[in-house]
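Okay, structure first, notes after.
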Amino acid sequence: MVLHKFGEKLYSGLVATMTAHLKEISKSIEAAQGDLFLEELNRKWNDHNKALQMIRDILMYMDRTYIPNTHKTPVHELGLNLWRDNVIHSSKIQSRLLSMLLELVHRERTGEVIDRGLMRNIIKMLMDLGSSVYQEDFEKPFLEVSAEFYMGESQKFIECCDCGDYLKKAELRLNEEIERVTHYLDVKSEVKITNVVEKEMIANHMMRLVHMENSGLVNMLLDDKYEDLGRMYNLFRRVPNGLSTIRDVMTSHLREIGKQLVTDAEKLKDPVEFVQRLLDEKDKYDSIISQAFINDKTFQNALNSSFEYFINLNNRSPEFISLFVDDKLRKGLKGVSEEDVEIILDKVMMLFRYLQEKDVFEKYYKQHLAKRLLSGKTVSDDAERSLIVKLKTECGYQFTSKLEGMFTDMKTSQDTMQGFYASHPELTDGPTLVVQVLTTGSWPTQPTLCEKFRSYYLGTHTGRRLSWQTNMGTADIKATFGKGQKHELNVSTYQMCVLMLFNNADRLSYKEVEQATGIPASDLKRCLQSMACVKGKNVLRKEPMSKDIGEDDAFFVNDKFTSKFYKVKIGTVLQSRFLANPTEIKKRIESLIERDFLERDNNDRKLYRYLA
């Protein structure tokens, strides 16, 4: 017919025949009752596709020549359009189809099992008829109904669930919708339906969720609920301003607890414990960010800014951090592996970076380092040098040049003493001499109180000299003994000097005390005797136990010292009285009689009277 110029007649006849046939099919589908409606529609759709394939094969020549030349609709596309217009858009089918599809989705959402295969076939039919058919006839109303469903459900959940349970339900619903798309919806619908769930279940309730009493974000942080925190992070990151909401609440909470930590007078009594609490808090939130917030850099930055904020609220933080280092390098790192030492030093450096007054830290650190080096109390030279390298990397050569100079002086002094004894072998068996030659500019120096008073006094009085009578002074010092028993001791200046040595030593020999204090031997022996040998005043104990002080004695703090008084006065043992010579006494009495200072009693020759 096409060859004989009857192409138009053939094409028109095809349209008319298919239209009439589809109207009959439409009536057949309309007659189906209940759930059979979709099955009938699916069956007729499959039949129509098979018939359409056969028609296209039969009319292949017309499809390839006549239709392109006349710009007509190709046979297969024509068949789809006629099915759309006569069946799907039939007044009795269109609304019924949409209603049944939405009903099946609702039933599945409420826990019923539906025929997903049938749903997939019907949805695919709509998609085959064109994206506009799928979107207008199903997707658009599907999204509207879903928004209403999740609006109601979220309101119900948030009234009866805590934050953690609510987030679990929201996550479950989100996963269900994603799964639904994979089973029978257009893949392009995933973004649209997840946006609906995110908006209704998360975005519209964000502030209420994070601030929910007894279960919100702050409670999750305090209780280390990594799973709930991770779920909140993953859900909130899907909505606008979600992560910033979590971050702001976390930052506010961090600054509040940090401020309490650095301003609490009780917690400031122990600098080492103070810094350890800071490190524990940092470890806690590092772990939360790592495990729950997938190492989100913005959260790490918020954590760093919070720590920098509250650490610098306390102007003693630089000193406390230096004291923490001092404690660790004196005794706290004994038996610790090199790897663990590095971890501790790295944590210290992390706190150091937060300090705004790094020069204050340097001042205290230099003082503490000097005491460790000069007293030989450092646990590890390698750890000391490692920390200086870290400080140098962080702040540059100028920051650590004097610190490195102190180590150089100690090594030079050691070499000097070896050379000294090598050149004087006769001194090997005598007293040990230890000299440390220090470079003035490298080591910390600060005037003592005595020097400050001397400068003040001589500055206000001209032509005078000031001499200190150190053996005449007294001091009140606070001491803590075993089981935390505290006393205030009233002692002489010499006794104070001796007792202060035990802040940095558990055991001291007599010679070590003598060398450290420079107290004259007679005074030192009486000083030690009064503190170690007098019952009720024995704040020290000595070995071996005896009433006298020997040069081979060793001294310890008496942890068992007790007194019913808080304030305890430690006296000084007096020197033994001289033994009188009777002959000398008689001569002195005769001399006093001759000079009319004394006279003998007339009745009792053994009685003498003083003459005024």
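The values are calculated or read from the model by the stated rules, or taken from the named source; none is laboratory data. All values derive from a computational prediction rather than experimental measurement. Positions of Cβ are backbone-derived with ideal geometry, glycine not excepted, and every protein chain shown enters the neighbour counts. Note: areas computed on protein heavy atoms with side chains; ligands, DNA, RNA excluded. Shrake-Rupley method; radii C 1.70, N 1.55, O 1.52, S 1.80 Å.
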## Note on the structure
Using the Kirkwood radius over Cα pairs of the stretch 409-470, the Stokes-Einstein translational diffusion coefficient at 25 °C and 0.890 mPa s, in µm²/s and rounded to a whole number, is 158 µm²/s
### Message
Going Cα to Cα from Lys586, which lysines come in below 16 Å? Please leave out same-chain ones fewer than 8 positions away.
### Response
Lys606
### Rg(Cα) / (2.2 N^0.38 Å) computed for the stretch 175-297, rounded to two decimals
1.36
### Task
Could you tell me which of the pairs Lys44/Lys92; Lys267/Lys363; Lys371/Lys411 are separated by over 19 angstrom between their Cα atoms in the structure shown?
Lys267/Lys363
#### Entry: Residue-normalised accessible area of the stretch 409-470, given per residue in Å² at a 1.4 Å probe
83 Å²
### Message
Take Asn304 and Thr439, extend 7 Å from each Cα along the Cα→Cβ direction, and tell me the distance between the two endpoints in nm.
### Response
3.3 nm
### Listed residue pairs exceeding 22 Å between alpha carbons, taken from Lys225/Lys282; Lys259/Lys366; Lys50/Lys188; Lys328/Lys392; Lys168/Lys282; Lys511/Lys560
Lys259/Lys366; Lys50/Lys188; Lys168/Lys282; Lys511/Lys560
### Task
Provide Tyr421, Tyr309 ordered by accessible surface of protein heavy atoms (probe 1.4 Å), highest first.
Tyr309, Tyr421
### Task
Can you bin the stretch 473-569 into rounded, prolate or oblate? Criterion: square roots of the alpha carbon gyration tensor eigenvalues sorted a ≥ b ≥ c, rounded for a/c under 1.5, prolate for a/b above b/c, oblate for the rest.
prolate
#### Entry: Net lengthening on full extension, Glu77/Glu159 (0.36 nm per residue, minus Cα-Cα)
24.3 nm
### Summary
Of every Cα-Cα pair in the stretch 341-477, the percentage lying beyond 21 Å is 61 percent
### Task
Round to the nearest 10 and report in Å² the accessible area of Met212, as given by a 1.4 Å probe over the protein chains' heavy atoms.
30 Å²
### Query
Per-residue accessible area for Thr298 at 1.4 Å probe radius, Å² rounded to 10?
60 Å²
### Task
Tell me which label goes with the value of volume of the Cα convex hull per residue in Å³ computed from the coordinates here: (1) 238; (2) 229; (3) 340.
(3)
### Message
With unit charges on the beta carbons (Lys and Arg positive, Asp and Glu negative) and the dipole taken about the Cα centre of the chain, which residue among Asn195, Ser492, Leu374 sits farthest to the positive side?
### Response
Ser492
### Query
What's the center-to-center distance, using Cα atoms, between the stretch 476-498 and the stretch 47-124 in Å?
98 Å
#### Entry: Helix axis angle, 116-128 relative to the chain longest principal axis, alpha carbon, degrees
70 degrees
### Task
Compute, for Thr572, the solvent-accessible surface of its heavy atoms (probe 1.4 Å) with the complete set of protein chains present, and express it in square angstrom to the nearest 10.
70 Å²
### Summary
Over the stretch 473-569, with neighbouring protein chains present, the accessible area per residue in Å² at probe 1.4 Å is 59 Å²
### Summary
Of Leu329, Leu374, ordered by accessible area with the largest first and a 1.4 Å probe, the sequence is Leu374, Leu329
### Query
At a 1.4 Å probe radius, carbon and sulfur cover how many percent of the accessible area of the chain?
51 percent
#### Entry: Cα-based reach from Lys284 at 12 Å (exclusive), listing aspartates and glutamates while leaving out same-chain residues under 8 positions away
Asp223, Asp224
### Task
Take the Cα gyration tensor of the stretch 223-408, multiply each eigenvalue by 5, square-root it, and list the three semi-axes largest first, rounded to whole angstrom.
34, 17, 15
### Task
Note down the magnitude of the dipole of the stretch 473-569 about its Cα centre, charges +1 on Lys and Arg C-beta and -1 on Asp and Glu C-beta and zero elsewhere, to the nearest 20 debye.
600 debye
### Peptides 561-569, 352-360, 285-293 ordered by average Cβ neighbours within 10 Å, highest first
285-293, 352-360, 561-569
### Query
If you stretched the chain out fully between Asp270 and Asp340, how much longer would it get, using 0.36 nm times the residue separation minus the C-alpha to C-alpha distance?
22.9 nm
### Query
What whole number of Å gives the distance from the Cα centroid of the stretch 272-304 to the Cα centroid of the stretch 383-401?
25 Å
### Query
In what order, largest first, do Arg120, Arg64, Arg588, Arg277 sit by accessible area if the probe radius is 1.4 Å?
Arg64, Arg588, Arg120, Arg277
### Summary
Computed over the chain, the relative contact order (Cα-Cα under 8 Å, seq sep at least six) in percent reads 6 percent
### Query
What's the long-distance tail for the stretch 2-211, i.e. % of Cα pairs beyond 28 Å?
43 percent
### Query
About its Cα centre, how strong a charge dipole does the chain have in debye, to the nearest 20, once Lys and Arg get +1 and Asp and Glu get -1 at the Cβ?
2360 debye
